[in-house]
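For reference, the structure discussed in these notes is given below.
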Protein chains: 2
Amino acid sequence: MPLPTAVKIVEVGPRDGLQNEKEFVPTATKIELVNRLSAAGFPNIEAASFVSPRWVPQMADGADVMAGIERRAGAIYSVLTPNLRGFEGALAARADEIVIFGAASEAFSQKNINCSIAESIERFAPVAQAAKEHGLRIRGSVSCSLGCPYQGEVSVGSVVDVVERFAALGCDEIDIADTIGVGTARRVRDVFEAVTKVFPRERLSGHFHDTYGQALANIYAALEEGIAIFHASVAGLGGCPYAKGATGNVATEDVLYLMNGLGIHTGVDLNQVVAAGDFISNAIGRQNVSRAGKALLAKTRAEAACA
Amino acid sequence: MPLPTAVKIVEVGPRDGLQNEKEFVPTATKIELVNRLSAAGFPNIEAASFVSPRWVPQMADGADVMAGIERRAGAIYSVLTPNLRGFEGALAARADEIVIFGAASEAFSQKNINCSIAESIERFAPVAQAAKEHGLRIRGSVSCSLGCPYQGEVSVGSVVDVVERFAALGCDEIDIADTIGVGTARRVRDVFEAVTKVFPRERLSGHFHDTYGQALANIYAALEEGIAIFHASVAGLGGCPYAKGATGNVATEDVLYLMNGLGIHTGVDLNQVVAAGDFISNAIGRQNVSRAGKALLAKTRAEAACA
């Protein structure tokens, strides 16, 4: 199969990346980050979460973020909605897309939300129905698709099962998420080969973490399976709660560098993303963990010093 | 083409990794590093350099390192030899393999050694001849194979040209080296497709830097071209002299994690390599930049804390 000629990069830094930051990131900083990412050309940004502030205090200002950002015409702004109350927040905030989620690992589901995978997804039925009624897009995220911090191995069949459940709820797009970054390239191909049999390839996405350094190899393997939607987090925002000090989401700059090198169209300007990554890393006092980002910043600084 | 079932990982940390460290690394530390890597099972370790100490003071103790290490039977210990004097040092040190080098970029060759590519490789003729006479293996390393810090693009044809020159000198193995880490997967495939037409695939190796985060995707792409020898540096030792603060050699732990995930035999024990990476990072006070290394160390520490 030839590689796709164009891909959609979903920037998840403002939500998935920032949500684990301990110190509260000011609303104005979050808004500036989203605005910079919009200006860079992302077709889809995961901008906020309408989850209870008791669970995730960092995301308590979701409504303010959504009200404050400048939206680029045609771009999709997604928000996480764990329940109907979250959905109402998303609707009031004029989100374009809601994100619902379920694990492919029974142990993870039981440990995290104290119910089975099947129950956890069934609970989203009213949310999905409400989204359909109001014309919002629905994205389903399958966490632990390539491994679980509690049970270890996750079968391909259990990923297919969750994909089918999300499809039955009417999901427009479904993410195969390697929540703890343990997957490698052959497994990525096997999983996508299986799930493309039950859900359209062009509406499946790869959400990879770089915890074991595998994310870009996994993305390349997914491209070879014809997958054309990938999630990434500017400056590699976000860590791995299951391995403190380890890397989390794959850095957007590294993904864009790969796509540019492969001649695959993204519509996103790498230099503006590098600048946005530098901005947010400085703003929250966090190390920029994008390798391409750091290399390009070092190059720019060296050139400025020579000029 | 199916992926290889086994690969040779050449550990280059003790030479390529350490040579850019500013502060002198004690000889005993270098010896312990090589011994730990030998114990981990590497079939080939780049252990020292017999270059003038005026050029690379960090490598001035090459003879002492080679005399001090415990050699594992069957393993190859390689050393860099820029000239006949270096070769004499390598011979006295009982090196198994010498490494000679040339750039695929004319600008790089001129700027670094003030002569053309062709001249630079011709100068190695007496070294290669002496190595043959004494039964030492010869490895030729083609730097800047995927890009140059001075001229930018490097043509596939110029890589092929250098490979042919090294082949004519009698090289047993030839490295395609992405010295500044700018290459991406498609280019990697194109280059290997071209060079395998002039030199046996099973004696070609991939030497990738992770400066732009591409190394593992590039290794995966090279595996798809049937390449079965890869260089890597424990803990990601070594930086990029052309982008200060950026990453250099791909980390061995990340490469081994990939191979284990793909079910490709290496003969190397990942856990011992992780421990060796922790040892050298602490010994020289340098951040461990292996993602798999950091994740596995975090996991081990968490388990120890729970026990």
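Distances in nm, one decimal, shortest first, from A:R301 to the same residue in every other copy, taking the label point 7 angstrom along Cα→Cβ.
So the distances to the same position in the other copies read 2.5 nm.
Show me the chymotrypsin sites (Phe, Trp or Tyr not before Pro) within the stretch B:19-96 that DSSP assigns to loop and that have at most 16 other Cβ atoms within 10 Å of their Cβ.
Working: sites: B:F24, B:F50, B:W55, B:Y77, B:F87; in loops: B:F24, B:F50, B:W55.
Sparse-neighbourhood loop chymotrypsin sites (Phe, Trp or Tyr not before Pro): B:F24, B:W55.
From the label point of B:G74, set 7 Å from Cα along Cα→Cβ, how far away are the matching label points in the other copies, in nm, ordered shortest to longest?
6.0
Of A:K8/A:K299; A:K30/B:K244; A:K294/B:K244, which ones are farther than 18 Å apart at the Cα?
Table pairs above 18 Å Cα-Cα are A:K8/A:K299; A:K30/B:K244.
Taking the Cα centre of the stretch B:177-253 as origin and charging only Cβ (+1 Lys, Arg; -1 Asp, Glu), how large is the dipole, in debye to the nearest 20?
Computed about the Cα centre, the dipole is about 180 debye.
Report D for the stretch B:22-62 in µm² per second (integer): Stokes-Einstein, Kirkwood Rh on Cα pairs, 25 °C, 0.890 mPa s.
Answer from the Stokes-Einstein relation: 221 µm²/s.
Which distances, in nm and shortest first, link the A:A39 label point to the same label point in every other copy, taking 7 Å along Cα→Cβ?
Taking the point 7 Å beyond Cα along Cα→Cβ, the inter-copy spacings are 5.5 nm.
Where the centre of each part is set by its Cα atoms, how far does the stretch A:232-288 sit from the stretch A:2-38, in angstrom?
9
Can you give me the relative contact order of chain B as a percent, contacts being Cα pairs under 8 Å and 6 or more apart?
It rounds to 19 percent for chain B.
Chain B: which residue's Cβ hugs the B-to-A rotation axis most tightly, distance rounded to whole Å?
B:A217, 2
Over the stretch B:119-230, with every protein chain in place, what whole percent of the accessible area is carbon and sulfur at 1.4 Å, could you tell me?
The computed percentage sits at 46.
Rg and Dmax of the stretch B:8-306, using alpha carbons, in Å: what are they?
Computed over the Cα atoms of the stretch B:8-306, radius of gyration and Dmax are 17.9, 61 Å.
Where does the protein assembly as shown land at 222 nm, in deg cm²/dmol rounded to the nearest 500, when only DSSP H runs of n ≥ 4 count, each adding -39500 (n - 2.57), divided by all residues? Write down the numbers at each step before the final one.
Numbers: 24 runs with 258 residues, N = 614.
When only DSSP H runs of four or more count, the value is -12500 deg cm²/dmol.
Average the reciprocal distances over every distinct pair of alpha-carbons in the stretch B:253-307, invert the result, and give the Kirkwood radius in Å.
Radius from the Kirkwood sum: 11.9 Å.
If the viscosity is 1.002 mPa s and the temperature 20 °C, what Stokes-Einstein diffusion coefficient in µm²/s follows for the protein assembly as shown when Rh is the Kirkwood radius over Cα pairs?
So the translational diffusion coefficient is about 85 µm²/s.
Assuming R0 = 22 Å, what is the FRET efficiency of A:A92 and A:R123, from their Cβ-Cβ distance, to the nearest 0.05?
According to the calculation, E is roughly 0.55.
Using all Cα-Cα distances in the stretch A:143-260, what percent lands in each 10 angstrom bin from 0 up to the longest?
15, 49, 32, 5
With r defined as the distance between the Cβ atoms of A:F279 and A:A305 and R0 fixed at 22 Å, what FRET efficiency is calculated, to the nearest 0.05?
0.60
Looking at the stretch A:8-306, what % of its DSSP beta bridges pair antiparallel, to the nearest 5?
On the way: 3 of 36 bridges.
Looking only at bridges with both residues in the stretch A:8-306, the antiparallel portion is about 10 percent.
Placing +1 at every Lys and Arg Cβ and -1 at every Asp and Glu Cβ, with all other atoms neutral, what dipole size does the stretch B:8-306 have around its Cα centre, in debye to the nearest 20?
320
The values are calculated or read from the model by the stated rules, or taken from the named source; none is laboratory data. No experiment lies behind these values; they were computed from the predicted model shown. Cβ atoms come from the backbone with ideal geometry, glycine included; neighbour counts cover every protein chain shown. Areas reflect the complete protein model, heavy atoms only, side chains present, ligands, DNA and RNA absent. Shrake-Rupley method; radii C 1.70, N 1.55, O 1.52, S 1.80 Å.
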